[in-house]
Amino acid sequence: MQTCIRYKAGMSDLRTRRKELGLTLAQLAAKVGVSEGQLSRIERGGKPSLSSALAIERETGISVGALVRNATPRQASSEAA
């Protein structure tokens with residue numbers, strides 16, 4: 001059985017973990033030091049800053065690597081031909 005955190009379409013594991021901890025979005029955002037909007041964006045697949053990712057890891061136990069892997073890739077504006 002694999003112990004790493006897996007991300008699925010829809011409900012993110014960050015959101016699931018926050019709810020397991022009994023925290024509201026506002027409570028976790030305050031503990032992490034980001035706005036509710038920023039934390040919501042991260043829960044939906046936005047890429048957190050390093051400092052935010054470290055704080056989220058500290059509060060939830062979800063690794064920085066897992067948070068970054070969950071981030072939705074941004075499309076490059078153009079690629080070299």
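The values are calculated or read from the model by the stated rules, or taken from the named source; none is laboratory data. Since the structure is predicted, the reported quantities are computational estimates derived from the model, not experimental observations. Cβ placement follows ideal geometry from the backbone for every residue including glycine, while neighbour counts extend to all protein chains displayed.
Side notes on the structure shown:
- Against the test of being over 9 Å from the mean Cα position of the chain (by Cα) and closer than 10 Å to residue 14 by Cα, the options 45, 61 yield a single qualifying residue, 61.
- Residue check for residue 22: surrounded by fewer than 16 Cβ atoms within 10 Å (Cβ to Cβ), modelled with pLDDT of 95 or more and either of a type in the set (Lys, Arg) or not in a helix (DSSP H, G or I) (or both): yes
- Exclusive hit being at pLDDT below 90 and either surrounded by fewer than 18 Cβ atoms within 10 Å (Cβ to Cβ) or aromatic (Phe, Trp, Tyr) (or both), set 10, 33, 37: 10
- Single condition residue 61 does not satisfy, out of (1) in contact with a Phe, Trp or Tyr (Cβ under 9 Å, 6 or more places away or on another chain); (2) on the phi > 0 side of the Ramachandran plot: (1)
- Scanning the range 52-81 for residues that are hydroxyl-bearing (Ser, Thr, Tyr) and either modelled with pLDDT of 95 or more or surrounded by 14 or more Cβ atoms within 10 Å (Cβ to Cβ) (or both) yields 52, 60, 63.
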